[in-house]
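Read through the structure below, which is laid out as structure tokens, and then see the notes.
Where a number appears in this text, it was derived from the coordinates with a stated rule and is not lab data. None of these values were measured; they are calculated from a predicted model. As a convention, Cβ positions derive from the backbone with ideal geometry for all residues, glycine included, and neighbour counts pool all protein chains shown.
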Amino acid sequence: MSQAIAGVAPSAKSESTVMTVWPSNGATRAGRFFGRLYEIEKGIGFVTVGNLLALATSPIGAAIYIWHAAPGVGTHYRLTNRRVVIERGLDGKPDRWVDLDRFNRIEIEVQPGQSWYHAGDMIFYLDDVETFRLSGVSRPEAFRAACMKGHQTYVGVRQALQREAELAKAR
């Protein structure tokens, strides 16, 4: 397909990936448990109880992270020009999604144990109704901004096309 701007396609023609993120260890109960332990600041300087526990349990943390990418089990989150999708496994099979016109705000909720990973849950709302949730998104502010820009673009283009169609009917 020929494109005016490389990598940019109208949502009516095809679905294109805008951004993909993988959940942090803060997406799992075990990861949040370890995150709460790692946040313990008691100690001297850099040598804290939390840092020592992080060092001692690093193989467990690595195993939790690798689990996120395990085929058929692991997940990642993908923003397209049409929707936000939770995909399973390395092949990226869509599991659940929300269309870009099914939310109008996104809040970030940091669960206990997620702040150590610089992560949080992204909660999508349509007015006051929760429509979708992403758990343990690493550095969620950047993904939130991209999702809101995608939402604004998608909704804006749809409204413009509807106005154009109404004007064409009126002629």
Over the Cα atoms, compute the radius of gyration (one decimal) and Dmax (the largest Cα-Cα distance, rounded to a whole number) for the range 78-171, in Å.
16.0, 60
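Sorted from fewest to most neighbouring beta carbons within 10 Å, what does the list His151, His118, His76 look like?
The most exposed by this proxy come first: His118, His76, His151.
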Full extension from Ala142 to Lys93: what is 0.36 nm times the residue separation minus their Cα-Cα distance, to one decimal in nm?
15.3 nm
Theoretical ellipticity at 222 nm over the chain - DSSP helices of four or more residues, -39500 (n - 2.57) apiece, nearest 500
-11500 deg cm²/dmol
Using 0.36 nm per residue of separation minus the Cα-Cα distance, give me the extension gain between Asp127 and Leu55 in nm, one decimal.
21.6 nm
Net charge of neighbours whose Cβ lies under 13 Å from the Cβ of Trp97, counting Lys and Arg as +1 and Asp and Glu as -1:
+3
Which of Phe33, Phe103 has the fewest other C-beta atoms within 10 Å, and how do the rest follow up to the most?
Phe33, Phe103
In whole Å, largest first, the alpha carbons of the range 1-145 cover along the principal axes 59, 35, 27
For the range 106-150, what is the convex hull volume of its Cα atoms per residue in Å³?
60
Evaluate E = 1/(1 + (r/R0)^6) for Ala63 and Thr20, where r is the Cβ-Cβ distance and R0 equals 30 Å; express this FRET efficiency to the nearest 0.05.
0.85
Could you give each residue of the range 71-84 its phi-based ³J(HN,Hα) in whole Hz, using Karplus coefficients 6.51, -1.76, 1.60 with θ = phi - 60°, and x for Gly or Pro?
x, x, 10, x, 10, 8, 10, 10, 9, 10, 7, 10, 7, 10
